[in-house]
Amino acid sequence: MAFVLVQHLDPHHESILTDLLSKTTKMPVREVRNNMRLEPNCVFVIPPGNVMTVRRGVLKLAEGKPERGARHGIDFFLESLARDKGPQAIGVILSGSASDGTLGLEAIKTEGGITLAQDASAKYDSMPRNAIASGCVDLVLGPRELATELARISRHPRLLPLPRGESETVAKEQNDYRKVLQLLQAENGTDFSLYKVPTSLRRITRRMVLNKVPEMAGYVTYLRNHKDEVQALYQDVLINVTSFFRDPDTFELLKQKLFPSIINNRSADQPVRLWVPG
């Protein structure tokens, strides 16, 4: 895997992050330059004053702010990663303030990738907490456990490059694939047999990776023994990962301060008008 670190950095100060990380890992650590190609077993660090995307495995830099503002540079990168790598993308949200990263993780999960977040050990827990509250995080772990999980995921046979296309892989496991769909239908009454096979297969593969199951036949057995996993797969296939209340602190502020102020400063016959964009 290639490791890309995107942080909120002061655009007016030189970063020593690359030097600091070089002292803690045997992997090469590089500050990103425009059009730098991702390589496995290397760490790539965003430079100050830039926003970053990835396209066809190449990192692209641009000065200034992403469309949603400077504090959402992590969303900006993760959304591009989701588009570029699809089910091979992995997003990890560590300690940090505000809600940057949540929309990026949602994009990764929608494309069939894997999402992780730091647990309560985070010194600044707003970023991981907002991501977890959105319902788009697959695993919540401490830093050491996150590293262990990434190493395990990287070795999972379902994520290694396939010698044949997805359709041939399904043909080989067609009977087990059909059994998975039958279990979903038996439990929830929904027939997924007319869904696009590659889409359904990516969702199933995602759940197999998360549950450490290497073969489809083994996953059928796992589903039969774990009803909660049937529901988890069902939700994954439906791509039901978003949440209107993705920023709990903001809605608490609205409830406690803004809405009472609006109500108390109007006459009884005045309507309250709210605009919800999107």
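Filter the range 101-124 down to residues that are part of a helix (DSSP H, G or I) and of a type outside the set (A, V, I, L, M, F, W, C) and give me whichever is farthest from Glu145 (Cα to Cα).
Thr110
Only one of Pro40, Pro87 is touching a Lys or Arg at 6+ places or on another chain (Cβ under 6 Å), farther than 26 Å from Asp125 by Cα and either part of a loop (DSSP other than H, G, I, E, B) or not hydrophobic (A, V, I, L, M, F, W, C) (or both). Can you tell me which?
On the way: Pro40 fails: touching a Lys or Arg at 6+ places or on another chain (Cβ under 6 Å).
Residue meeting the stated conditions: Pro87.
Report whether or not Ile46 is surrounded by 13 or more Cβ atoms within 10 Å (Cβ to Cβ), out of contact with any Lys or Arg (no Cβ under 8 Å at 6 or more places or on another chain), more than 19 Å from Val137 (Cβ to Cβ) and among the β-branched types (Val, Ile, Thr). Show your work before the answer.
Values: surrounded by 13 or more Cβ atoms within 10 Å (Cβ to Cβ): yes; out of contact with any Lys or Arg (no Cβ under 8 Å at 6 or more places or on another chain): yes; more than 19 Å from Val137 (Cβ to Cβ): yes; among the β-branched types (Val, Ile, Thr): yes.
Taking the combined requirement at face value, the residue satisfies it.
Conditions tested, residue by residue: (1) assigned by TED's automatic domain parsing to the domain that holds Met127; (2) more than 22 Å from Arg155 (Cβ to Cβ); (3) among the charged types (D, E, K, R).
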| position | (1), (2), (3) |
| --- | --- |
| Asp19 | yes, yes, yes |
| Thr24 | yes, yes, no |
| Met36 | yes, yes, no |
| Val58 | yes, yes, no |
| Gly91 | yes, no, no |
| Gly96 | yes, yes, no |
| Asp100 | yes, yes, yes |
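Give the residue, chosen from Arg37, Arg33, that is of a type outside the set (S, T, N, Q), over 18 Å from Met1 (Cβ atoms) and either in contact with a Ser or Thr (Cβ under 9 Å, 6 or more places away or on another chain) or at pLDDT 95 or above (or both). Break it down stepwise before answering.
On the way: Arg37 fails: over 18 Å from Met1 (Cβ atoms).
Going through Arg37, Arg33 in turn, the sole match is Arg33.
Does Thr115 fit the bill of being closer than 27 Å to Thr221 by Cα, at pLDDT below 95 and within 13 Å of the chain's Cα centre (by Cα)?
no
Could you list, in sequence order, the residues of the range 170-199 that are farther than 14 Å from Val220 by Cβ and among the hydroxyl-bearing types (Ser, Thr, Tyr)?
Answer for the range 170-199, where residues must be farther than 14 Å from Val220 by Cβ and among the hydroxyl-bearing types (Ser, Thr, Tyr): Thr190, Ser193, Tyr195, Thr199.
Tally up the residues in the range 1-34 that are touching a strand residue (DSSP E or B) at 6+ places or on another chain (Cβ under 6 Å), without any contact (Cβ under 8 Å) to a residue 40 or more places away in the chain and either farther than 19 Å from Ser97 by Cβ or assigned to a loop (DSSP other than H, G, I, E, B) (or both), please.
9
Where residues in the range 1-51 are of a type in the set (Val, Ile, Thr) and over 15 Å from Ile74 (Cβ atoms), which of them is farthest from the chain's Cα centre (by Cα)? Show your work before the answer.
Restricting attention to the range 1-51, the residues satisfying the condition of being of a type in the set (Val, Ile, Thr) are 4, 6, 16, 18, 24-25, 29, 32, 43, 45-46, 51.
Now narrow it down to the ones that are over 15 Å from Ile74 (Cβ atoms): 16, 18, 24-25, 29, 43.
On the way: Ile16: 27, Thr18: 24, Thr24: 25, Thr25: 24, Val29: 23, Val43: 19 Å.
So, considering only residues that are of a type in the set (Val, Ile, Thr) and over 15 Å from Ile74 (Cβ atoms), the one farthest from the chain's Cα centre (by Cα) is Ile16.
Could you run through the range 90-100 and say how many residues are modelled with pLDDT of 95 or more and either assigned to a strand (DSSP E or B) or buried (at least 23 other Cβ atoms within 10 Å of the Cβ) (or both)?
4
Using beta carbons and a limit of 8 Å, which pairs, at least six apart or on different chains, have the first residue in the range 209-226 and on the phi > 0 side of the Ramachandran plot and the second one assigned to a helix (DSSP H, G or I) and surrounded by fewer than 20 Cβ atoms within 10 Å (Cβ to Cβ)?
Filtered contacts from the range 209-226: Lys212/Arg152.
Considering each of Pro128, Pro87 in turn, give the residue that is closer than 30 Å to Leu238 by Cα and touching a residue at least 60 places away in the same chain (Cβ under 8 Å). First the steps, then the outcome.
On the way: Pro128 fails: touching a residue at least 60 places away in the same chain (Cβ under 8 Å).
Only one candidate qualifies: Pro87.
The values are calculated or read from the model by the stated rules, or taken from the named source; none is laboratory data. Computed from a predicted structure; not experimentally measured. FYI the Cβ positions are ideal-geometry reconstructions off the backbone, even for glycines, and counts take in every protein chain you see.
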